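First up is the structure itself, then whatever we jot down about it.
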Amino acid sequence: MTNDDLPIGRRVARWRVRRQMTQQMLADRLRRSKSWVDKIERGVRPLDRYSVIQELAHVLRVDPEVLLGQPRGTPAGPPDGVDDIRAALARYDIPQAPQETDELRRQVGYAWLTYQHAHYGQLTRVLPGLLDAAQGARSAELLVQAYRITSSLLVKLGEADLGWLAADRAMATAGDDPALAATAAVSVSQALRAAGRDRLALAASLAAANRVRPQRSAGEWAVGGTLLVQAALAAAGCGEHRRAGELTDRAAGVAANLRGYDDQHRTSFGPVTVELARVLVAASRGDAVEALHRHSTVVRREGWRRLPAEYRGAYLVDAARAYLQVGDLRGAARALVDADSVAPAEVRCRPLARTLIADVARAQPAPAGVARLATLVGLTR
């Protein structure tokens with residue numbers, strides 16, 4: 001068991017011993033009883049108030065994050081570099097210089113992997129150069145992909161309108177290519193939903209989904225299923241719960257007929273992603289019992305573990321928001337803690353997650369896991 005896996009009381013005990021203090025010495029410096037320290041260290045008494053954690057950290061001469069078991073390596077807060085991405089999108093004088101298509105394809109593939117592993121800080125640094133290279137090349141396919149990656153990242157970082165711009169660029173670049181237009185429409189819908197424009201997202205995703213035909217390749221059919229999921233979530237956001245259910249049923253039918261495709265369009269679509277959408281739709285209509293049952297079932301499936309870290313982390317953040325909407329603070333807390341363990345950047349870089357942490361942390365007392373996250377992202381009580 002690593003130090004980060006230990007209960008907080010055990011970490012307090014370890015640091016007390018390192019500082020060559022007895023329980024009584026620590027209690028005296030905290031102006032508390034030896035019995036209180038003993039119960040904290042044994043986990044009998046919960047330690048979930050920020051002020052107490054900070055007081056203990058001060059006496060033990062460590063950062064609060066150390067006691068809270070903060071994993072290293074993923075800084076809190078949106079990564080720097082959004083202005084550089086904005087500048088790259090604003091450049092219209094990119095020369096049509098020869099570009100090795102194979103090299104550009106490799107760069108795009110690397111960017112997708114970076115995104116799917118939720119390394120958002122690293123991706124923020126890569127994207128300006130990738131956009132320049134893709135805009136200067138003559139490959140519509142790779143430029144659409146570059147715009148899609150850019151849109152997805154910007155939505156994560158709370159820049160929904162800028163993400164919409166990148167998605168719209170992808171649509172314009174796709175032109176009359178039905179496959180490229182369908183993939184770009186996924187990004188448009190995601191950006192519109194993030195901007196709170198669910199009705200527009202519903203219209204865009206449903207229109208694009210209806211243009212996908214069964215005789216096309218499995219990859220394109222998967223894009224159609226993804227568009228149906230986006231439409232279902234947008235319908236739920238509009239309060240059209242029956243329609244949302246019908247759309248998820250259609251998506252489930254598509255998923256059931258897919259067999260062994262290589263997901264070249266990076267949608268992660270399949271039966272599990274449809275079930276995840278059902279959780280969010282159930283929560284949106286206030287059915288906490290169904291949402292909790294579906295959630296606990298789907299996250300135990302093998303297909304859940306095969307999803308990219310980004311997809312799982314993003315779903316868990318959305319699930320936390322859904323649980324909050326139905327008043328389930330414990331469910332929201334568990335989802336946030338799970339998201340941080342799966343894809344730390346989903347919790348530490350996204351403004352949405354920060355807002356959710358603050359909402360859950362207002363509970364009295366705040367769940368210990370959320371107390372750790374709140375301290376980690378710089379929130380105070």
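Values for this structure:
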| item | result |
| --- | --- |
| Accessible-area composition of segment 145-262, carbon plus sulfur, in percent [1.4 Å probe] | 48 percent |
| Qualifying chymotrypsin sites (Phe, Trp or Tyr not before Pro) for segment 91-170 [loop in DSSP, other Cβ within 10 Å: at most 14] | TYR92 |
| Percentage relative contact order, the chain, counting C-alpha pairs under 8 Å, at least six apart | 15 percent |
| Proximal charge balance of ALA231 [Cβ under 15 Å; K/R count +1, D/E count -1] | +4 |
| Relative packing of 206-212, 14-20, which averages over residues the other C-beta atoms within 10 Å, highest first | 206-212, 14-20 |
| Rounded, prolate or oblate (a/c below 1.5 giving rounded, otherwise prolate when a/b exceeds b/c) for segment 326-379 by Cα gyration tensor | prolate |
| Folded to 0 to 90 degrees: helix 351-361 orientation relative to the chain principal axis, Cα | 30 degrees |
| Relative contact order computed over segment 239-336 (Cα-Cα under 8 Å; 6+ residues apart), in percent | 24 percent |
| Trypsin sites (Lys or Arg not before Pro) restricted to DSSP loop in segment 235-270 with at most 16 other C-beta within 10 Å | ARG259 |
| Kirkwood Rh and Cα Rg combined as Rg over Rh, evaluated for segment 153-265 | 0.97 |
| Helix 288-298 vs. the chain, principal-axis angle (Cα, 0 to 90°, nearest 10) | 80 degrees |
| Matching label, Rg/Rh (Cα atoms, Kirkwood Rh) computed from the structure shown, candidates (i) 0.98; (ii) 1.06; (iii) 1.04 | (iii) |
| Residues of the chain: accessible area per residue with a 1.4 Å probe, Å² | 46 Å² |
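The values are calculated or read from the model by the stated rules, or taken from the named source; none is laboratory data. It should be emphasised that the depicted structure is a prediction, and the values quoted were computed from it without experimental measurement. FYI the Cβ positions are ideal-geometry reconstructions off the backbone, even for glycines, and counts take in every protein chain you see. The accessibility values were calculated without ligands, DNA or RNA, using every heavy atom of the protein model including side chains. Shrake-Rupley method; radii C 1.70, N 1.55, O 1.52, S 1.80 Å.
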